[in-house]
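Enquirer: Before we start, here is the structure in question, set down as structure tokens.
The values are calculated or read from the model by the stated rules, or taken from the named source; none is laboratory data. This is a predicted model, so every value here is computed, not measured. Positions of Cβ are backbone-derived with ideal geometry, glycine not excepted, and every protein chain shown enters the neighbour counts. Ligands, DNA and RNA are stripped out before the accessible areas are found, and what is left, the full protein with its side chains, is counted by its heavy atoms. Shrake-Rupley method; radii C 1.70, N 1.55, O 1.52, S 1.80 Å.
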Amino acid sequence: MHAAPDLAQLELPDRMDRLWPVAEACLRRVYGSRPDCEFWLQGIARVVKALGEARPRELALRDQSRPEWWRTGSVVGYSAYVDRFAGDLRGLRSRLPYLKELGVRYLHLLPLLKSREGDNDGGFAVSDFGSVEPRLGTNADLQDLARAAHEMDLSLVLDLVCNHTADDHAWAKAARSGDEEYRDYYIVLPDQGVVADYEKRLIDVFPDVAPGNFTYSKEMGGWVWTTFYPFQWDLNYANPAVFCEMTAAMLRLANMGVDGLRLDSAPFIWKRRGTACRNLPEAHWLLATWRALLTIAAPGVVLKAEAIERLEDVKSYFGETVTEPECHLAYNNGAMTALWASLALGRAEPMRRLVDAASRKPAWGTWVNYVRCHDDIIWSALSPCLSPEDQARCSSFFAGQVSGSFAAGSAFQSVAGAAASTNGMAAALVGIGDDDPGSDAARRLALLYAVSFALDGIPIIWMGDEIALGDAAANQDAGAAGSDGRWLQRPRMDWRRADLRGDGGALPGHVFQQFALYARIRAAEAAFDAQHVARTTKADHVAVLCFVRGEGASSIQCAANFSNARCSTRLTLDGGSWLDLLSQDAGRAREVELGPYQVRWLVSRP
Ligand code: GLC
């Protein structure tokens, strides 16, 4: 298997022999018709060889010592903006013990490379892929952080914003000044008719705050492709020079000690007229090439697809065949959205369908599960599993526009005919008002995370959820927020609140201790390793979701009640009695009772 753990045990030349043919075949599919194809194949091979040889020895040893580390049940993730969490990289380093206490072993930091002045979409407009944003520290600080993280058995994951650069990146500046070579790094359409033709099939990502997919630039003499904000210029991957540069950027980050790269907006990297310019075959071939090249140069480093698409499309980012895999990891965006839908509707059905669908993924791919992140919850990603009416209901429910709703979220991006997406921290969306650890709202937060932690793959905690942190206050960094409502879920960490984590009688401590317990149980039970895919089982109540991980005596059944009513469901485990690993309740019956919003992780006992 291409993804076999023993590849890290091979020497660089052997890895090159094994995997270069895979990369070459993919590259020929993409660039084969170009007269300069051979030139670029050689150029890319040289980059990979040089950066493979430059890989520091301690990182090469790390590659060898941790085969398939990302598939281990003990890997629990945390995601944060460096500045919001800890000010800068040095501050962050001093907070690693906090993460360790929570049970975190995978740290995803949102973009921290040098980004454009002024609005930069939270760092997603990168001006230099080779250096850390000065506000956050230096490259040496990043390497120190990686080293400190590694010493604590923590893997460090960064964004590689691969679809675009900032409009002040050196390539963009050169392009604007008339340099033809760099102009070809971007996609510029001089003809407005052609722009209009493309737009017919394209979807606006930010219809309210940045409508359209092109931005007119006088200096560029046409419309520059800008899928996201006008200052984020899409890269032209039809030009192999771009692919070569981004490969080098990726491998340099790997050699700084980064253990994983989140490929931001991966579906968008290839465009073809007359299509929606998402999820195209060429994008997949380029990702399969990156996977092969990364495995050659830095075999312990993983790729994570950020593809917020329908589940069937997301699955394709693991690669179609085991000999041509793409990303090791992909966000289980469907399950995340369905979790919230089940909560709003009080029905387990949406989540059950998504767990079933997610289970039919390629065996070599691993999910990343999550409850909240820095972005909005996009309901249309649940089509066709959830009707448009239910999508609209969820959207209104979380915006607090439905009578009986407990949620205090906020609607984002209204497009005619589609449900607006949802912004807000989990605490706001589950309706945490006071700090009562015994409230239904606190139970709802625990429910979402207990289910997410029980699914196969890496669960990721969004910064602050472990202390039930609320939305960013309106006065927090007003400048950064602008009109983009996603800043609601990007508050500053409240360390005074976090100081209460030892007190289980206070809400922050109660939640922190629950999450830490989930992490401890995951680490102790083999059924939580990623190869044990979640299989839904029959539940006896419309609000109850049941699924099983693992086989036989070591299997675990997760039972979750998405309603505020007490109910019971059958137990599918063998054995005479059961034990709930979360509450330590035990029983003999073939049925278990679930309190309002309760989740149980059940094992059988003889
Ligand atoms: C991804 C990020 C999002 C960003 C966009 C453009 O979707 O998660 O925050 O705005 O890419 O880079």
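Enquirer: Roughly what % of Cα-Cα distances in region 234-375 sit above 24 Å, to the whole percent? Kindly include the intermediate steps, with their values, before the conclusion.
Expert: On the way: 3484 of 10011 pairs.
Percent of Cα pairs beyond 24 Å in region 234-375: 35.
Enquirer: Rounded to the nearest 0.05, what FRET efficiency do S94 and N139 give with R0 = 22 Å and r taken as the Cβ-Cβ distance? Could you check?
Expert: Working: r = 19 Å, r/R0 = 0.86.
It comes out at approximately 0.70.
Enquirer: Which value, in nm² and rounded to one decimal, describes the direction-averaged projected area of the C-alpha convex hull of region 150-195? Spell out each step's value before the answer.
Expert: On the way: hull surface 20.9 nm².
Its Cα hull, projected and averaged over all orientations, spans 5.2 nm².
Enquirer: Any chance you could list the semi-axes, whole Å, largest first, of the equivalent ellipsoid that the Cα gyration tensor gives for the chain, using √(5λ)?
Expert: Numbers: eigenvalues 297, 154, 110 Å².
They are 39, 28, 23 Å, listed largest first.
Enquirer: Under the rule of -39500 (n - 2.57) per DSSP H run of 4 or more residues, summed and divided by the residues of the chain, what mean residue ellipticity at 222 nm is obtained, to the nearest 500 deg cm²/dmol?
Expert: Working: 21 runs with 216 residues, N = 606.
Only helices count here, giving -10500 deg cm²/dmol.
Enquirer: Next question. How long is the gain from T321 to Q42 if the chain were fully straight, where each residue apart is worth 0.36 nm and the alpha carbon distance is subtracted? Display every interim value, and only then the final one.
Expert: Numbers: separation 279, 0.36 × 279 = 100.44 nm, distance 2.56 nm.
Net length gain for the segment: 97.9 nm.
Enquirer: Would you calculate the separation in nanometres between label points at D119 and R605, each defined as 7 Å from the Cα along the Cα-to-beta-carbon direction?
Expert: 5.9
Enquirer: Please report, in whole Å³, the volume per residue of the convex hull around the C-alpha atoms of region 192-270. Mind dumping the intermediate values first?
Expert: Working: hull volume 9.9 nm³, N = 79.
So the per-residue hull volume is 126 Å³.
Enquirer: Which ³J(HN,Hα) values, rounded to whole Hz and listed in residue order, are derived for region 19-31 from phi using the Karplus coefficients 6.51, -1.76 and 1.60 in 6.51 cos²θ - 1.76 cosθ + 1.60 with θ = phi - 60°, glycine and proline given as x?
Expert: Computed from phi, the couplings for region 19-31 are 9, 4, x, 5, 4, 4, 4, 5, 5, 5, 5, 7, 10 Hz.
Enquirer: Does anyone have the angle between helix 281-297 and the longest principal axis of the chain? Alpha-carbon axes, 0 to 90°, nearest 10?
Expert: 90
Enquirer: How large is Rg/Rh for region 489-578, to two decimals, with Cα atoms and a Kirkwood Rh?
Expert: 1.07
Enquirer: A follow-up question, please. How do 431-438, 43-50, 390-397 rank on mean C-beta neighbours within 10 Å, highest first? List each step's numbers first, then the result.
Expert: Working: 431-438: 14.8, 43-50: 17.4, 390-397: 21.8.
Going from most to least packed, we get 390-397, 43-50, 431-438.
Enquirer: Could you state the angle between the C-alpha long axis of helix 507-524 and the longest principal axis of the C-alpha atoms of the chain, as a value from 0 to 90 degrees rounded to the nearest 10?
Expert: Around 80 degrees separate the two axes.
Enquirer: Expressed in nm to one decimal, what extension gain is obtained for the pair D574 and E312 from 0.36 nm per residue of sequence separation less their Cα-Cα distance? Present the calculation step by step, with values, prior to reporting the outcome.
Expert: Details: separation 262, 0.36 × 262 = 94.32 nm, distance 3.34 nm.
Length difference between fully extended and current span is 91.0 nm.
Enquirer: Mind putting together the pair-distance distribution for region 534-605? All Cα pairs, 5 Å bins, whole percent per bin, short to long.
Expert: With 5 Å bins starting at 0, P(r) equals 4, 19, 31, 28, 14, 3, 0.
Enquirer: Quote the FRET efficiency, to the nearest 0.05, computed for K49 versus D128 with a Förster distance R0 of 35 Å and r equal to the Cβ-Cβ distance.
Expert: Values: r = 24 Å, r/R0 = 0.69.
With a Förster radius of 35 Å, E is 0.90.
Enquirer: What lysines could a cross-link reach from K100, if we take a straight Cα to Cα line under 29 Å and drop same-chain neighbours fewer than 8 places away?
Expert: Reachable lysines: K114, K304.
Enquirer: Once you keep just the Cα pairs under 8 angstrom separated by 6 or more residues, what percentage relative contact order results for the chain?
Expert: On the way: 1279 pairs, mean separation 80.5, N = 606.
Relative CO of the chain lands at 13 percent.
Enquirer: Throw me the Rg/Rh for region 1-89, computed over C-alpha atoms with Kirkwood Rh, two decimals.
Expert: On the way: Rg = 17.8 Å, Rh = 16.2 Å.
Taking Rg over the Kirkwood Rh, I get 1.10.
Enquirer: Between rounded, prolate and oblate, where does region 421-566 land on the alpha carbon gyration tensor, with a ≥ b ≥ c its root eigenvalues, rounded for a/c under 1.5, else prolate if a/b exceeds b/c?
Expert: Prolate, because a/c is 1.5 or more and a/b exceeds b/c.
Enquirer: Roughly how many nanometres apart are two label points built 7 Å out from the Cα toward the Cβ at D440 and R520?
Expert: 3.1
Enquirer: Treating each Cα of region 170-234 as an identical point scatterer and ignoring solvent, apply the Debye formula and state log10 I(q)/I(0) at q = 0.14, 0.15, 0.27 Å⁻¹.
Expert: Listed by q, the Debye log ratios stand at -0.38, -0.44, -1.17.
Enquirer: Also, I was wondering about something else. Can you tell me the 0 to 90 degree angle between the C-alpha axis of helix 139-151 and the longest principal axis of the chain, rounded to 10?
Expert: 40
Enquirer: On the accessible surface of the chain, probed at 1.4 Å, how many percent belong to carbon and sulfur atoms? List each step's numbers first, then the result.
Expert: Details: 10880 of 21620 Å².
Roughly 50 percent of what the probe reaches on the chain is carbon or sulfur.
Enquirer: Return the whole-Å distance between the Cα centroid of region 526-569 and the Cα centroid of region 271-345.
Expert: One Cα centre to the other: 26 Å.
Enquirer: Here's a follow-up. What stretch of the chain, leaving out the sites themselves, is the longest with no GluC sites (Glu not before Pro) in a DSSP loop having at most 14 other Cβ atoms within 10 Å? List each step's numbers first, then the result.
Expert: Values: sites that count: E11, E117, E219, E320, E551.
Answer - 321-550.
Enquirer: Solvent-accessible area of M463, probe 1.4 Å, all protein chains present, reported in Å² to the nearest ten, please.
Expert: Approximately 10 Å² for this residue.
Enquirer: Then there's this: Determine which residues of region 96-128 fall in the zone a paramagnetic label at A148 would reach in this model, i.e. backbone nitrogen under 11 Å from the point 7 Å along Cα→Cβ.
Expert: 96-98
Enquirer: Right, here's the next one. Can you give the accessible area per residue of region 170-234, in Å², using a 1.4 Å probe? Don't skip to the end; give the middle numbers.
Expert: Working: 3080 Å² over 65 residues.
Accessible area per residue: 47 Å².
Enquirer: Round to the nearest 0.05 the FRET efficiency obtained for N564 and E181 when R0 = 56 Å and r is the Cβ-Cβ distance.
Expert: For N564 and E181, the calculated efficiency is 0.35.
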